[in-house]
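Values in this text are rule-based calculations from the coordinates and carry no lab data. As the structure is a prediction and not an experimental result, all values here were calculated from the model. Reconstructed Cβ throughout: ideal geometry from the backbone, glycine too, with neighbour counts over all protein chains shown.
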Protein chains: 2
Amino acid sequence: MSVTDELLRNAEQYARSFTKGDLPLPPARHIAILACMDARLNVYGLLGLEEGDAHVIRNAGGIVTQDELRSLAISQRLLGTREIVLIHHTDCGMLTFSDDEFRASILAETGVKPTWAPEAFTDLDADVRQNIGRIQAETAIPYRDAVRGFVYDVATGTLREVR
Amino acid sequence: MSVTDELLRNAEQYARSFTKGDLPLPPARHIAILACMDARLNVYGLLGLEEGDAHVIRNAGGIVTQDELRSLAISQRLLGTREIVLIHHTDCGMLTFSDDEFRASILAETGVKPTWAPEAFTDLDADVRQNIGRIQAETAIPYRDAVRGFVYDVATGTLREVR
């Protein structure tokens, strides 16, 4: 049995005890969270989110690329969110390689170099700050006053704000 | 008090009862989930995921753009995932507008038209299929055999596979 099939069994169980079928489309708490995809970072658990509370956007690193600007613009313009929380974390895979070496390894194996930057980084706090900067430079996102960045510590479960 | 500050209080509580500080970086179940950012879609709860199990990638719609190809390539090449699950859902915000009208509204308000496609769609199943196609066309993603797509029903809590 594949892992996907195992997860589908869990989904059947979730449906059997499901009681939240009448929640509205816009997030109740008017906030969007942008976090790394890391398996150890349970955004709902960490922030105490319930179904219906917040948009959750995730990718490798918790980076702001064009696609996150798209998601945040839709979140604010169509669905009423007003605050943004960015979360990077300790022991991140993005700290373990360089963009040049990752792209070169793909070129070597496939004969094609990806058009995208892998977005590796070397300093967690500095990368949180520059990603906040990317949001603040985007005129398609109307509300850019309440954007705060954090580093989650996967060893202690704590969240530290980047100033 | 801002919503962000309220969520930080929840994070303090999470840290106090945290017991999972020794999990490894690679996801234990070797799987990446790509789902819509919708607040009602609790990916950990729905799929029965625990901290450490799976990469979770999310954006407006659960769309495969260049940034999701980046995240999936990193997930498979550096962190050992082998299966991919795509999740769209009923009552999605992406069904409520057209790309042309969203980009025109931003142009009208800011004087600048975004360079990105908003990625609205009109048919959930068809959009899941074409997003699977985007993954299958990406040579930088090594494992493209086990990619399956689903539609989550926000009214019933059930997950239906798109064939």
Kindly give the semi-axes, whole Å and largest first, of the ellipsoid equivalent to region B:1-104, taking each as the square root of 5 times a Cα gyration tensor eigenvalue.
27, 22, 12
Could you pull out every one of the aspartates and glutamates with an alpha carbon less than 16 Å from that of A:Lys20, ignoring same-chain neighbours closer than 8 positions?
A:Glu12, A:Glu50, A:Glu51, A:Asp53, B:Asp38, B:Asp91, B:Asp153
Counting pairs of alpha carbon atoms under 8 Å apart in space and at least six apart in sequence, what relative contact order in percent does region B:1-113 give?
29
Largest first and in whole Å, give the semi-axes of region B:42-83's equivalent ellipsoid, each being the square root of 5 times a Cα gyration tensor eigenvalue.
18, 16, 6
Cβ-based net charge around B:Ala104, under 15 Å, with every Lys or Arg adding one and every Asp or Glu removing one:
-1
Hull shadow area, averaged, region B:97-163 [alpha-carbon convex hull, nm²]:
6.7
Taking the Cα centre of region A:62-104 as the origin and placing charges on Cβ (Lys, Arg +1; Asp, Glu -1), which of A:Val85, A:Ala73, A:Phe97 is farthest toward the positive end of the dipole?
A:Ala73
Within 10 Å of each residue's Cβ, count the other Cβ atoms and sort B:Asp123, B:Asp38, B:Asp99 from fewest upward.
B:Asp123, B:Asp99, B:Asp38
Cα-based reach from A:Lys113 at 14 Å (exclusive), listing aspartates and glutamates while leaving out same-chain residues under 8 positions away:
A:Asp99, A:Asp100, A:Glu101, B:Glu138
Which value results for Rg/Rh of region A:51-123 when Rg is the Cα radius of gyration and Rh the Kirkwood radius based on the inverse mean 1/r?
1.08
Shape box of the protein assembly as shown [Cα atoms, principal axes, largest first, Å]:
46, 46, 43
If I take all pairs of Cα atoms in region B:15-59, what percentage of them are more than 15 Å from each other?
49
Listed residues A:Leu86, A:Leu49, A:Leu69, most fluctuating in chain A (Gaussian network, C-alpha, under 10 Å):
A:Leu49
Taking only the alpha-carbon atoms of region B:28-163, what semi-axes of the equivalent ellipsoid follow from 5 times the gyration tensor eigenvalues under a square root, in whole Å, largest first?
26, 18, 14
